[in-house]
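Student: Handing you this structure, nothing more for now.
The values are calculated or read from the model by the stated rules, or taken from the named source; none is laboratory data. All values derive from a computational prediction rather than experimental measurement. Note that each Cβ is placed from the backbone with ideal geometry, even for glycine, and that neighbours are counted across all protein chains shown.
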Amino acid sequence: MRALRTGLARRAAPAPRADFFLGPKVSLGKLCAALASLLVASLAAAGEPESDSRKHHHPHGGAGEPLATPDYWSGAHLTGDWNGARAWAAERGLEFEIVYTGEVMDNARGGVNTRGAAEYIGTPDVIADLYPERMGGWQGGQFHFWFTNVHGAGLTERHAGDAQVLSNLETEPFTTLYEAWYRHAWWDDRFWIKVGKFDANIDFAASDYGGEFIVSSFGFPPMIPFGTYPNTGLGAEAGFRINAWAGVQALFQDGAPNDTSVGGGKTMFDGEGGHVSMFEFHFSPPWLPERLPGTLKLGAWHHNGDFEELTFAQDPPPAFSSNYGAYALYDQRLLKERDDPGDEQGLGLFLQAAVAPQDRNEIDRYFGAGLVYRGALPSRDADVVGFGVAHARFSNRLNRTRAVFETQYEFFYRVQVTPFLWLQPQAVYVHQPSGVERDALALGLRFEVNF
């Protein structure tokens with residue numbers, strides 16, 4: 001799962017290579033030096049008091065409300081408010097974001113290859129939301145459009161050789177209309193529906209704390225075959241909030257979208273891949289203190305496409321006419337530094353578990369856990385530090401010469417240089433990549449700029 005700091009999430013998997021490339025070739029040495037200089041400068045400012053305007057956290061819902069401050073460096077966007085044009089458009093129902101995310105990673109040890117094992121991958125995103133109510137239309141509606149490009153390469157296939165995809169940006173280059181959907185809510189968002197082309201992982205199988213990490217499995221358990229990055233799918237979702245502490249939601253989506261075409265509408269239930277359906281139950285224990293909330297998510301999925309049996313007895317192997325699985329996620333705030341409802345500083349925990357049949361899934365068991373602390377250093381209230389473990393067990397139907405599991409350990413520290421720019425040094429250690437390779441160590445730096 002890839003997570004924009006605007007709150008969007010998506011995960012990487014191989015995609016068809018595009019015939020074009022956006023952006024010049026990157027000198028990894030110069031880029032790393034420039035980003036490292038910014039990181040050092042931001043950390044040097046740790047002893048300076050942070051103004052209230054610099055603590056602004058920009059939630060996703062399209063573009064958020066612009067900061068009402070004359071200080072450029074405290075604003076939410078690199079290009080500012082466009083002389084009031086952003087605020088004017090938002091008041092009239094149009095909110096938008098232009099975000100660029102880039103990442104330099106190097107496979108420093110082990111895996112498949114360490115020679116020339118530094119790679120850069122980047123993605124510009126243009127995201128727009130239209131709200132009919134602000135335009136004088138109906139209440140409860142939202143149109144959403146997300147156009148994206150991916151250029152560069154990641155480490156998994158050529159260098160690290162891991163099975164879980166150690167960076168959630170990684171995929172083949174492409175340009176596409178990533179999402180295009182309409183959402184309608186009734187009764188103060190108690191009941192809602194969404195139809196169109198969408199990333200299912202934004203609403204399903206997503207951990208809030210897990211989404212802070214770059215390892216793909218922290219975004220969602222790796223055996224779930226729904227439409228997410230880079231291949232979002234056409235479908236429908238619906239959700240109902242039963243009361244203040246419980247809710248349910250369901251999904252029906254194209255089972256094999258495999259679509260990174262420019263128009264984003266290439267497959268659209270072409271009949272070859274079936275469909276996937278999911279159900280998820282949310283529960284927030286009401287007995288927990290208000291300042292230390294927790295959320296449990298229990299989900300199940302079913303796919304009615306064909307899945308080859310994992311066997312060496314027949315060639316070609318027989319196929320099953322369906323696949324299925326279940327998962328559980330839990331997010332818990334363990335410590336909150338201040339009682340201010342708008343202050344998010346503190347420590348959080350997430351837990352993940354998932355199962356699927358071993359006769360048709362190469363990974364049949366998955367367990368993940370991690371800790372995230374926001375504002376761990378004095379005067380760095382918006383910085384985030386995290387450590388997580390993602391453990392995937394391979395089916396015993398696979399070749400017995402490989403190890404039975406792969407485990408990834410991730411550590412990161414995200415620095416908010418300004419509200420529109422953050423830098424994230426990160427390290428991922430992979431124990432037994434794909435069960436057959438040498439232990440790998442990947443080091444890198446991710447950054448995001450909100451224009």
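Student: Working only within segment 336-356, note down all residues that are part of a strand (DSSP E or B) and more than 23 Å from the chain's Cα centre (by Cα).
Tutor: Answer for segment 336-356, where residues must be part of a strand (DSSP E or B) and more than 23 Å from the chain's Cα centre (by Cα): just K336.
Student: Looking at segment 400-420, can you tell me whether even one residue there is within 25 Å of E337 (Cα to Cα) and assigned to a loop (DSSP other than H, G, I, E, B)?
Tutor: yes
Student: If you go through segment 110-138, how many residues are under 26 Å from F451 (Cβ atoms) and either in a loop (DSSP other than H, G, I, E, B) or among the aliphatic types (A, V, I, L, M) (or both)?
Tutor: Going through segment 110-138 one residue at a time, the tally reaches 7.
Student: Condition test on D315, is it closer than 18 Å to S216 by Cα and of a type outside the set (G, A, S)? Walk me through how you get there before you give the answer.
Tutor: On the way: closer than 18 Å to S216 by Cα: no; of a type outside the set (G, A, S): yes.
For D315, the condition - closer than 18 Å to S216 by Cα and of a type outside the set (G, A, S) - is not met.
Student: Identify the residue in segment 315-335 that is part of a loop (DSSP other than H, G, I, E, B) and hydroxyl-bearing (S, T, Y) and, among all such residues, is farthest from V276 (Cα to Cα).
Tutor: The first filter runs over segment 315-335 and keeps only residues part of a loop (DSSP other than H, G, I, E, B), leaving 315-318, 321-322.
Checking the rest, the ones that are also hydroxyl-bearing (S, T, Y) come to 321-322.
Numbers: S321: 12, S322: 10 Å.
The qualifying residue farthest from V276 (Cα to Cα) is S321.
Student: Which condition from (1) within 22 Å of the chain's Cα centre (by Cα); (2) surrounded by fewer than 20 Cβ atoms within 10 Å (Cβ to Cβ); (3) over 27 Å from V215 (Cα atoms) is the one that D129 breaks?
Tutor: Result: D129 passes all but (2).
Student: Separate question: Among residues belonging to segment 275-332 that are farther than 28 Å from G211 by Cβ and among the small types (G, A, S), point out the one that is farthest from the chain's Cα centre (by Cα).
Tutor: Among those residues, the one meeting the criterion is A313.
Student: Look at E448 and say whether it is modelled with pLDDT of 95 or more, under 28 Å from F96 (Cβ atoms) and of a type outside the set (K, R).
Tutor: Taking the combined requirement at face value, the residue satisfies it.
Student: Being at pLDDT 95 or above, among the aliphatic types (A, V, I, L, M) and surrounded by fewer than 18 Cβ atoms within 10 Å (Cβ to Cβ) narrows it down to one residue among A427, A440, A354, A376; which is it? Reasoning before the result, please.
Tutor: Numbers: A440 fails: surrounded by fewer than 18 Cβ atoms within 10 Å (Cβ to Cβ); A354 fails: surrounded by fewer than 18 Cβ atoms within 10 Å (Cβ to Cβ); A376 fails: at pLDDT 95 or above.
None of the other options fit; the residue is A427.
Student: Within segment 363-381, can one find any residue that is among the β-branched types (V, I, T), more than 28 Å from T79 (Cα to Cα) and more than 19 Å from the chain's Cα centre (by Cα)?
Tutor: yes
Student: Check G141, G152, G137, G196 and return the single one that is within 30 Å of R109 (Cα to Cα) and surrounded by fewer than 24 Cβ atoms within 10 Å (Cβ to Cβ). Steps first, please.
Tutor: Numbers: G141 fails: within 30 Å of R109 (Cα to Cα); G137 fails: within 30 Å of R109 (Cα to Cα); G196 fails: within 30 Å of R109 (Cα to Cα).
Only one candidate qualifies: G152.
Student: What's the total number of residues in segment 203-227 that are in contact with an Asp or Glu (Cβ under 7 Å, 6 or more places away or on another chain) and within 20 Å of L155 (Cβ to Cβ)?
Tutor: 3
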